[in-house]
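A short write-up of the structure that comes next.
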């Protein structure tokens, strides 16, 4: 959960330290059904005997699905090529459909150090004007401190499925400490083991103090790893209007979309007990999952509410949830080979490290400039120098950030980082090499450095001790350091040394 969630830093991407962005932790598991078949084969066998399956329709349907006559009219529900509607809820009634949804009850602090109690009260989860509303409420507790309640709904044991397309239209609340999420967890969390071994699919997460940014993440492991996509709106916010969030989940790939735009594609994951062999791919995502939606308050990632948080407007609204499935899926998939980017002819793993090219700093090629959590600034390449100008330093060190990902990090290799840097006035900056798809651990630890107004050359060396990773990321973090002075960087190198 960095650049988005550093579950650990940023994020719990992620809920990571946050450990589980949307937050899955140890909990009571559903009964285990003993079978000599894998989850997919068992589900297909169960479906073959489903007496409610329509004659001549080979579309897989959930064995718990209601009689079609009790379903909402499907005529108004969009169709997708190759998919058939499995189940949906348009929230057109006057109350929550408990044939589809459970209200989940949880005490405060159950996961991610969140503050809210999830209740079964209709004050926290209800249907209004054709929308599901999950509402966070602030009251005064017995100790005189604020007490928060909120709503969480799940389809566990009612609309579980394996593989498909989930489409949700929702509008998030704005306010520091509010944390709405649309996500999926396995029906039987014990099948491969507790989080993160069980897997987690986060279709959407938004932080209430940064409502122009949405995240889509996959968690797995152990050790915990994640892959995260992010969408930042060029204008407006996800709190101003309804947006559509979706995932296409297939045996060997997941694709996440916001308003039809692909923001994250994942096809390389694993699960294992730490120190043991990995389970056969595509574990853990070859079992039934269920949909859940909630509005959290506080926690490791968003932080706690403050006086600016308006709880009269703390409502997470959902217009519809639609789940589609293909008639069949090819489950004979193999884990893709891990490809490593080549070093340049001079051995530099950093592309455009001399800043000879004034490249686009908003795309995903080579260098990228990022802003998070109140950070404001700009970056440009001029005269073979990267210049970062900060207007607001933001709330966290990565609020103003320059990165280059896709660095090949090979276990047992030694690396050297070198670059020149200065500032318009003395100020601090952090440099590191992180693992955005491996739980945001650090291959080269966060290193604080104080820049002077004169050019200085900085050199750092480290050994890669983790398993091979083709997506190490060099980071310069310039937020929340007590200064908005300009920073100048040139001649960046990361290279393997003997």
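Can you tell me the length gained on complete extension of the stretch residue 276 to residue 330, counting 0.36 nm per residue apart and subtracting the Cα distance? Let's see the in-between values first.
Values: separation 54, 0.36 × 54 = 19.44 nm, distance 2.78 nm.
Separation in residues times 0.36 nm, less the Cα-Cα distance, equals 16.7 nm.
If R0 is 51 Å, what FRET efficiency do you get for residue 411 and residue 452 from their C-beta distance, rounded to 0.05? Display every interim value, and only then the final one.
Numbers: r = 36 Å, r/R0 = 0.71.
E(calc), rounded to 0.05, equals 0.90.
Write down the radius of gyration of segment 368-497 and its Dmax, each obtained from C-alpha positions, in Å.
14.3, 41
How do 453, 213, 308 line up, fewest other C-beta atoms within 10 Å first?
308, 453, 213
Under a plain spin-label model, where a point goes 7 Å from the Cα along Cα-to-Cβ, how far apart in nm are residue 362 and residue 241?
It is 1.9 nm.
Can you compute the modelled spin-label distance between residue 157 and residue 391, with each label point 7 Å from Cα toward Cβ, in nm?
Computed distance between label sites residue 157 and residue 391 equals 5.3 nm.
Run the Debye formula on the Cα coordinates of segment 310-357, all scatterers equal and no solvent, and tell me log10 I(q)/I(0) at q = 0.18, 0.23 1/Å.
So the normalised log intensities work out to -0.77, -1.05.
Could you work out the relative contact order of segment 368-497, using alpha carbon pairs under 8 angstrom and six or more residues apart, expressed as a whole percent?
On the way: 359 pairs, mean separation 48.3, N = 130.
In percent, rounded to a whole number, it is 37.
Taking neighbour counts of Cβ atoms within 10 Å as a proxy for exposure, in what order, fewest first, do 159, 422 appear? Each step should come with its number before you reach the end.
Working: 159 23, 422 18.
Starting with the residue having the fewest Cβ neighbours, the order is 422, 159.
Based only on other Cβ atoms within 10 Å, what is the fewest-to-most ordering of 382, 335, 152? Each step should come with its number before you reach the end.
Working: 382 10, 335 14, 152 22.
Going from sparsest to densest Cβ surroundings: 382, 335, 152.
Rounded to whole Å, give me the distance from the Cα center of segment 424-498 to that of segment 213-238.
Here the two parts' Cα centres lie 23 Å apart.
Where a number appears in this text, it was derived from the coordinates with a stated rule and is not lab data. Owing to the predicted nature of the structure, the values given are computational and were not obtained by experimental measurement. Please note: Cβ atoms are built from the backbone with ideal geometry, for glycine as well, and neighbour counts cover all protein chains shown.
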